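Shown next, in structure tokens, is the structure this report addresses.
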Amino acid sequence: MAELLAQLIDVSVHFPVRDGLLLPREVARVRAVERVSLAIHKGEALGLVGESGSGKSTTGRALLRLQDVTTGRVQFAGEDITHWPRQKLQAIRRRMTVVFQDPEASCNPRMRIGDAVAEPLRVHERLTHAELQRRVGALLDQVGLDTSFALRWPHELSGGQRQRVGIARALATDPELIVLDEPISALDVSIQAQVLNLLDDLRKQRGLSYLFIAHDLGAVAHLCDRVAVMYLGRVVEQGQVGDVIDAPLHPYTQALLRSVPLHDPIAARARGLQVLDGEIPSPLAPPSGCAFHPRCRSAIPQCRQSPPELAALPTRQVACPIAIRAAQLPIAS
Amino acid sequence: MTPALQVESLAVTFASDRGPIAAVEDVSLRVAQGRTLCVVGESGSGKSVSILATMGLLDPRRATVRATALRLGDIDLLNLPADQRRALNGDRVAMVFQDPMTSLNPYLRIGTQLTEVLEVHRKMPRALAATHAIAMLHAVGISAPTQRMRAYPHELSGGMRQRVVLAMALLCQPDVLLADEPTTALDVTIQAQVLQLIRDQQAQTGMAVVLVTHDMGVVAHMADDVAVLYAGLVVERASVGDLFAAPRHPYTRALLASIPATESRGHRLQAIAGTPPSPAARPPGCVFAPRCASAQALCLTTRPPEETLAADRTVRCFRHAELAELAELAERADG
């Protein structure tokens with residue numbers, strides 16, 4: 001297996017809810033991320049899927065050390081960076097970058113495209129003006145934009161073009177890891193494929209590693225090698241993309257996949273849309289035991305008692321003892 | 001049979017500082033009782049504007065709306081006085097938007113907003129209206145509906161709010177429901193719930209549904225018929241089966257090949273080059289020609305007319321017959 005690049009080990013991120021005017025005390029705790037372990041190897045794309053409120057973005061921010069962890073460890077390139085101070089982090093910031101969902105958020109409306117792309121280079125490297133221009137031109141070229149874009153303003157660009165600028169910026173410092181937080185969700189369908197293909201090409205050309213955060217399982221299936229599924233702050237299933245999509249084991253993964261519309265009217269009508277009852281519970285008051293049990297059709301009384309551990313099968317990790325028992329039974333022919 | 005809703009040759013032009021902008025150039029939509037028409041298109045294709053124009057919701061000082069026919073069942077909407085037309089909205093024809101907060105007043109309890117619909121359109125006394133509203137909230141899957149009547153919109157989740165809006169739209173049992181991207185802002189599991197709800201209600205009341213979406217998966221699950229919009233024109237119209245099995249317009253074909261679906265992983269996506277034209281600068285010939293891999297000289301200069309291939313099957317492409325043959329040959333070679 002390829003070398004390990006970045007890793008979260010048993011990471012939890014809690015946000016205290018405080019009340020009281022003079023002596024604010026913690027009255028509750030939002031458990032946004034709960035004991036999550038993820039590993040990303042060199043050149044690998046790991047998909048992180050889940051619904052709103054599942055903690056997937058917070059997990060991405062924790063990996064980048066943009067969010068302090070409550071417990072657990074964060075490792076990057078063999079070093080434990082969990083408690084590195086800001087100044088020390090600065091040295092590795094250039095090696096791990098991020099692309100956000102809203103391309104507008106990564107473009108300052110009062111900064112020309114060329115300056116926006118040059119900004120990370122100005123921060124991290126000392127370059128002459130000519131060298132800076134050359135690098136910006138090369139970066140724009142790499143994301144499929146003409147070098148003349150350097151002189152344009154963000155408002156002159158379409159959403160897809162702006163997202164390419166966001167990617168160029170993320171590539172500027174020649175990073176090893178890019179966290180992609182829903183990079184195609186805000187784009188038109190005919191543009192999504194362009195950006196997905198671009199991300200796929202860049203990964204192959206430059207040996208990049210991705211943490212691809214998405215709610216769109218189709219996009220994950222196209223871009224990623226492995227996928228982790230989150231529900232209410234926990235990873236409930238993790239494995240090779242093909243395995244998880246073709247044969248999901250956790251009842252939540254199964255329900256999630258069956259809620260995704262098929263792109264063939266005959267198959268779509270034959271299968272229908274599985275309707276999962278209820279909604280994701282509040283992370284302020286997660287259900288006891290397995291967080292999914294109130295919505296799970298396979299739940300038994302045991303599921304209400306203690307949260308199931310993420311157990312390792314030969315090629316998969318699943319946090320559901322019932323699913324594991326079923327998977328380990330010999331298949332009747 | 002008379003369609004529940006019929007829109008013929010709709011054109012909408014907005015006044016702007018730089019001259020008139022033709023947001024919708026030529027859109028015809030027909031949907032029969034009990035059936036679902038999906039209107040597919042990207043941003044700027046004119047799909048939302050077409051729906052707003054159909055509802056009569058565009059500001060007449062800014063938008064010029066023309067159509068050869070605009071009928072709700074037997075009612076001619078084109079020649080109806082504005083106040084009578086407005087009275088139909090929320091009664092015979094109802095609308096759901098992408099963002100539920102477009103339809104909900106943040107300062108009013110949802111019970112007040114729901115009962116108001118019946119008080120206004122049905123002149124129903126408040127207590128009776130409340131009974132109906134509670135029953136409708138229950139029907140759209142809201143638990144403890146009596147208590148929820150007292151909730152304010154901000155106290156509900158996004159999925160819950162969209163259910164409330166749907167309940168509000170369905171209270172008067174409309175003949176036609178116009179839904180503009182009603183599930184785009186929702187998570188997939190909640191999307192499945194809301195789509196199923198629309199289906200169940202349709203099965204019960206026989207309403208016609210016009211569902212605007214950009215998601216071909218939603219189309220595959222929901223549509224009977226599909227109209228594909230591109231740059232203010234219906235470029236293809238077909239039954240859902242025909243559209244997916246044998247798309248005739250290069251845009252439809254390209255769109256279907258570009259979707260990152262879980263079923264098609266492992267194949268490189270066939271991205272469509274370029275971006276859709278802005279309504280202010282549409283190309284002179286076929287609107288799709290600048291992005292079309294099959295475009296020829298004629299396509300760049302002349303706008304192709306809408307050609308009828310069969311009942312309710314139309315396409316706007318000079319080369320559709322030729323390209324269909326080529327596609328069939330390629331498929332045979334593959335198989």
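If the only charges are +1 at each Lys and Arg Cβ and -1 at each Asp and Glu Cβ, what is the size of the charge dipole of region A:89-180 around the Cα centre, to the nearest 20 debye? Numbers along the way, then the final one.
On the way: 13 positive and 11 negative charges, 41 e Å.
Its charge dipole is roughly 200 debye.
Per the helix-only calculation at 222 nm, which mean residue ellipticity applies to chain B, given -39500 (n - 2.57) for every DSSP H run of n ≥ 4 and division by its residues, nearest 500 deg cm²/dmol? Present the calculation step by step, with values, prior to reporting the outcome.
On the way: 12 runs with 119 residues, N = 335.
Roughly -10500 deg cm²/dmol at 222 nm, from the helical runs in chain B.
Averaged per residue, what accessible surface does chain B expose to a 1.4 Å probe, in Å²? Could the numbers behind the result be given before it?
Working: 14790 Å² over 335 residues.
Here the per-residue accessible area is 44 Å².
Note down the accessible area of A:Tyr252, probe 1.4 Å, to the nearest 10 Å².
Accessible surface of A:Tyr252 is approximately 0 Å².
Rounded to the nearest 0.05, what FRET efficiency do A:Asp141 and A:Ser298 have when you use their Cβ-Cβ distance and R0 = 35 Å? Walk me through the numbers on the way to the answer.
Values: r = 52 Å, r/R0 = 1.49.
For A:Asp141 and A:Ser298, the calculated efficiency is 0.10.
Just read off the accessible area of B:Met95 with the full protein assembly in place, 1.4 Å probe, to the nearest 10 Å².
20
By Kyte-Doolittle mean hydropathy of at least 0.5 and Cα axial length of at least 15 Å, which whole DSSP H helices of chain B are selected? Don't skip to the answer; put the middle values down first.
Working: long enough: B:110-122 (18 Å, 0.04); B:126-139 (19 Å, 0.94); B:158-170 (18 Å, 0.78); B:188-205 (26 Å, -0.10); B:320-334 (21 Å, -0.32).
Answer set is B:126-139, B:158-170.
Classify region B:99-142: rounded, prolate or oblate, from the alpha-carbon gyration tensor (a ≥ b ≥ c, eigenvalue square roots; a/c under 1.5 rounded; otherwise prolate if a/b is larger than b/c)? Let's see the in-between values first.
Details: a/c = 2.05, a/b = 1.26, b/c = 1.63.
In terms of gyration-tensor shape, oblate.
At 222 nm, what helix-only mean residue ellipticity would chain A give, in deg cm²/dmol to the nearest 500, using -39500 (n - 2.57) for each DSSP H run of four or more? Kindly include the intermediate steps, with their values, before the conclusion.
Working: 11 runs with 110 residues, N = 333.
Theoretical 222 nm ellipticity from helices: -9500 deg cm²/dmol.
Roughly how much of B:Glu328 is accessible, in Å² to the nearest 10, using a 1.4 Å probe?
110
Is the C-alpha gyration tensor of chain A telling us rounded, prolate or oblate? Criteria: a/c under 1.5 is rounded; beyond that, a/b larger than b/c is prolate, otherwise oblate.
Values: a/c = 1.90, a/b = 1.46, b/c = 1.30.
Prolate.
So for chain B, averaging the separation of alpha carbon pairs under 8 Å that are six or more residues apart and normalising by length, what relative contact order in percent results? If you can, show how the numbers build up before the last one.
On the way: 595 pairs, mean separation 68.6, N = 335.
Here the relative contact order equals 20 percent.
If you project the alpha carbons of region A:199-288 onto their three principal axes, what span does each projection cover, largest first, in Å?
Taking max minus min along each principal axis of the Cα atoms, region A:199-288 gives 44, 41, 18 Å.
Just to be sure I follow: if Rg is taken over the C-alpha atoms of region B:147-298 and Rh is the Kirkwood radius over the same atoms, what is Rg/Rh? Working shown, then result.
Working: Rg = 18.6 Å, Rh = 18.0 Å.
Ratio value, two decimals: 1.04.
Out of A:Pro120, B:Met95, A:Ser209, whose Cα points farthest toward the positive end of the dipole of the protein assembly as shown (charges: +1 Lys, Arg; -1 Asp, Glu; placed on Cβ)?
Farthest along the dipole direction, towards plus: A:Pro120.
For region A:144-272, divide the Cα radius of gyration by the Kirkwood radius and give the resulting Rg/Rh value with two decimals. The partial results should precede the final answer.
Values: Rg = 17.0 Å, Rh = 16.6 Å.
That ratio is 1.02, to two decimals.
Give, in nm to one decimal, the length gained when the segment between A:Ala285 and A:Gln328 is fully stretched (0.36 nm per residue of separation minus the Cα-Cα distance).
On the way: separation 43, 0.36 × 43 = 15.48 nm, distance 3.30 nm.
Value of the extension gain: 12.2 nm.
Given region A:242-333, what whole percent of its Cα pairs are spread farther than 23 Å? Don't jump to the answer; show the numbers that get you there.
Values: 1376 of 4186 pairs.
For region A:242-333, the fraction of Cα-Cα distances above 23 Å is 33 percent.
Stokes-Einstein D for chain B at 25 °C, 0.890 mPa s, Kirkwood Rh over Cα pairs, in µm²/s? Walk me through the numbers before you get to the answer.
Numbers: Rh = 21.2 Å.
So the translational diffusion coefficient is about 116 µm²/s.
Nearest 0.05, what FRET efficiency do A:Ile9 and B:Ala144 give at R0 = 41 Å with Cβ-Cβ as r?
Details: r = 42 Å, r/R0 = 1.03.
With a Förster radius of 41 Å, E is 0.45.
Tell me: how much accessible area in total is hidden between B and A, 1.4 Å probe, Å², nearest 100?
Numbers: alone 16630 and 17320 Å², together 30230 Å².
The buried area between B and A, both sides summed, comes to about 3700 Å².
Which distance in nm do the two modelled labels at A:Thr128 and A:Arg73 give, with both placed 7 Å along the Cα-to-Cβ direction?
4.6
Remind me, relative contact order of chain A in percent, using alpha carbon pairs under 8 angstrom and six or more residues apart? Working shown, then result.
Working: 597 pairs, mean separation 63.6, N = 333.
After rounding, I find 19 percent.
Which whole-Hz couplings ³J(HN,Hα) result when phi for each residue of region A:114-130 is put into the Karplus expression 6.51 cos²θ - 1.76 cosθ + 1.60, θ = phi - 60°, listed in order with x for Gly and Pro?
x, 5, 4, 6, 6, 3, x, 5, 5, 5, 9, 9, 9, 10, 6, 4, 5
When the Cα centres of region A:183-244 and region A:119-146 are compared, how far apart do they sit, in Å?
27
Tell me, how many Å apart are the Cα centres for region B:81-132 and for region B:203-266?
First find each Cα centre; the distance between them is then 31 Å.
Can you give me the convex hull volume of the Cα atoms of region B:245-334, divided per residue and expressed in Å³? Let's see the in-between values first.
Values: hull volume 11.9 nm³, N = 90.
For region B:245-334, the hull spanned by Cα atoms encloses 133 Å³ per residue.
Along Cα→Cβ, 7 Å out, is where each label goes; now give me the distance between the ones at B:Leu309 and B:Ala321 in nm to one decimal.
Between B:Leu309 and B:Ala321, the simple spin-label model gives 1.3 nm.
Would you pull out the residues with amide H under 5 Å of A:Val30's amide H, same chain only if 5 or more places away, H placed 1.01 Å from N?
A:Phe15, A:Val17
Expressed as a whole number of Å, what is the distance separating the alpha-carbon centroids of region A:267-294 and region A:1-42?
23
Using modelled amide H (1.01 Å from N, peptide plane; none on Pro or chain starts), what sits under 5 Å from the amide H of A:Met230, excluding residues fewer than 5 places away?
A:Val49, A:Gly50, A:Val236
Send over the semi-axes of region A:39-187's equivalent ellipsoid, whole angstrom and largest first, taken as the square roots of 5 times the C-alpha gyration tensor eigenvalues.
Values for region A:39-187, descending: 27, 19, 13 Å.
Please give the direction-averaged projected area of the C-alpha convex hull for region A:109-166, in square nanometres with one decimal. All intermediate terms of the calculation are to be shown ahead of the outcome.
Details: hull surface 14.9 nm².
It is 3.7 nm².
Working with all protein chains in place, sort A:Leu66, B:Leu166 by solvent-accessible area computed with a 1.4 Å probe, largest first.
On the way: A:Leu66 80, B:Leu166 5 Å².
Descending accessible area places them as A:Leu66, B:Leu166.
At 25 °C and 0.890 mPa s, grab the translational diffusion coefficient of the protein assembly as shown from Stokes-Einstein with a Kirkwood Rh over Cα pairs, rounded to a whole number in µm² per second. Working shown, then result.
Working: Rh = 27.2 Å.
The estimated diffusion coefficient comes to 90 µm²/s.
Restricting the count to DSSP beta bridges whose residues both fall in chain A, what percent are antiparallel, rounded to a multiple of 5? Display every interim value, and only then the final one.
On the way: 31 of 49 bridges.
Restricted to chain A, the bridges split so that about 65 percent are antiparallel.
Projecting each Cα onto the charge dipole of chain A (Lys/Arg +1, Asp/Glu -1 at the beta carbon, about the Cα centre), which of A:Leu4, A:Pro248, A:Leu89 comes out farthest on the positive side?
The residue sitting most towards the positive pole is A:Leu89.
Estimate the FRET efficiency between B:Thr301 and B:Ala87 by the formula 1/(1 + (r/R0)^6), using the beta-carbon distance for r and 35 Å for R0, to the nearest 0.05. Mind showing how you got there, number by number?
Numbers: r = 47 Å, r/R0 = 1.34.
Efficiency for this residue pair is about 0.15.
The values are calculated or read from the model by the stated rules, or taken from the named source; none is laboratory data. For clarity, every value in this text was computed on a predicted model and none was experimentally measured. Using ideal geometry, Cβ is built from the backbone for each residue, glycine included, and neighbour counts are taken over all protein chains shown. Just the protein is used for accessible areas: all its heavy atoms, side chains included, with ligands, DNA and RNA removed. Shrake-Rupley method; radii C 1.70, N 1.55, O 1.52, S 1.80 Å.
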